[in-house]
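First up is the structure itself, then whatever we jot down about it.
The values are calculated or read from the model by the stated rules, or taken from the named source; none is laboratory data. This one's a predicted model, so the numbers in the text were calculated from it and none came from an experiment. Ideal geometry is used to build each Cβ from the backbone, glycine not excepted, and the neighbour counts take in all protein chains shown.
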Amino acid sequence: GENVEQHPSTLSVQEGDSAVIKCTYSDSASNYFPWYKQELGKGPQLIIDIRSNVGEKKDQRIAVTLNKTAKHFSLHITETQPEDSAVYFCAASRGTGGFKTIFGAGTRLFVKA
Amino acid sequence: DVKVTQSSRYLVKRTGEKVFLECVQDMDHENMFWYRQDPGLGLRLIYFSYDVKMKEKGDIPEGYSVSREKKERFSLILESASTNQTSMYLCASSSVVRDRGINEQFFGPGTRLTVL
């Protein structure tokens, strides 16, 4: 079946450094790729998403890139801050008529002050 | 402020008990979802519903059932709880955007269920 692989499972960076999380997906019909951030004791919350007609999207310190040919996409966080510490999930889903979203296993990011 | 609420944050039940997890959203969303979250496995879809009284199986429906009698409420039912159903359960909802299919899901805070 469809799956999304996410790496690394744990990432530790120094405050101010960049963090990169990578995902690959198997379903070539996927065309919507959201990233969710889950803080302790809370449900996941969307931080950025990208659709397949776009190769890159940026929102302040976070950016996502998509390579549809290789079926992989990445999250980039620049100038990391302690409040960026959380679990991050990538996901992939199909477009119109598709209701299933496949999530990666998650990356626990630690930002050390 | 959009909101998805879940009836309990923590729940402890015994093997064989019938368990109800309730989820309510106030955004008038058509779609609602139940996931379970386990370390190293991410979020796995149990069931989803795209309309009142409609339901579709997700990837791991065995041992679970759902009910959607009203648009804002989606219930997950464990008919006879087992220890391997100890997990974090997350409810989510999303709207349907014409020609764009699925979009952002809004999650509740989760219910941590322990089955003894």
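Has the range A:16-32 got at least one residue that is in a strand (DSSP E or B), over 27 Å from B:Trp34 (Cβ atoms) and touching a Pro at 6+ places or on another chain (Cβ under 9 Å)? Checking the range A:16-32: at least one residue is in a strand (DSSP E or B), over 27 Å from B:Trp34 (Cβ atoms) and touching a Pro at 6+ places or on another chain (Cβ under 9 Å). Candidates A:Gly41, A:Gly16: the one that is on the phi > 0 side of the Ramachandran plot, at pLDDT 95 or above, among the small types (Gly, Ala, Ser) and out of contact with any His (no Cβ under 6 Å at 6 or more places or on another chain) is A:Gly16. Tally up the residues in the range A:30-47 that are within 13 Å of A:Val4 (Cα to Cα) and of a type in the set (A, V, I, L, M, F, W, C), please. Residues meeting the conditions: 2. Please pick out the residue among A:Tyr36, A:Tyr88 that is touching a Leu at 6+ places or on another chain (Cβ under 9 Å) and farther than 22 Å from B:Ile60 by Cβ. Just one listed residue meets the conditions, A:Tyr88. Taken over the range A:5-47, residues that are closer than 27 Å to B:Met88 by Cα, of a type in the set (A, V, I, L, M), over 11 Å from the mean Cα position of the chain (by Cα) and within 14 Å of another protein chain (Cβ to nearest Cβ) amount to 1.
To keep it simple, each residue is scored yes or no on (1) among the acidic types (Asp, Glu); (2) in contact (Cβ under 8 Å) with a residue 12 or more places away in the chain.
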{"position": "B:Met32", "(1), (2)": "no, yes"}
{"position": "B:Pro39", "(1), (2)": "no, no"}
{"position": "B:Ile46", "(1), (2)": "no, yes"}
{"position": "B:Asp59", "(1), (2)": "yes, yes"}
{"position": "B:Val66", "(1), (2)": "no, yes"}
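The set of residues in the range B:31-49 that are buried (at least 16 other Cβ atoms within 10 Å of the Cβ) and either modelled with pLDDT under 90 or closer than 16 Å to B:Phe106 by Cβ (or both) comprises B:Asn31, B:Met32, B:Phe33, B:Trp34, B:Tyr35, B:Gln37, B:Leu43, B:Leu45, B:Phe48, B:Ser49. Criterion applied to A:Lys100, A:Lys68 was being within 30 Å of B:Ser87 (Cα to Cα) and either at pLDDT below 95 or away from chain B (no Cβ under 13 Å) (or both), and the one residue passing it is A:Lys100.
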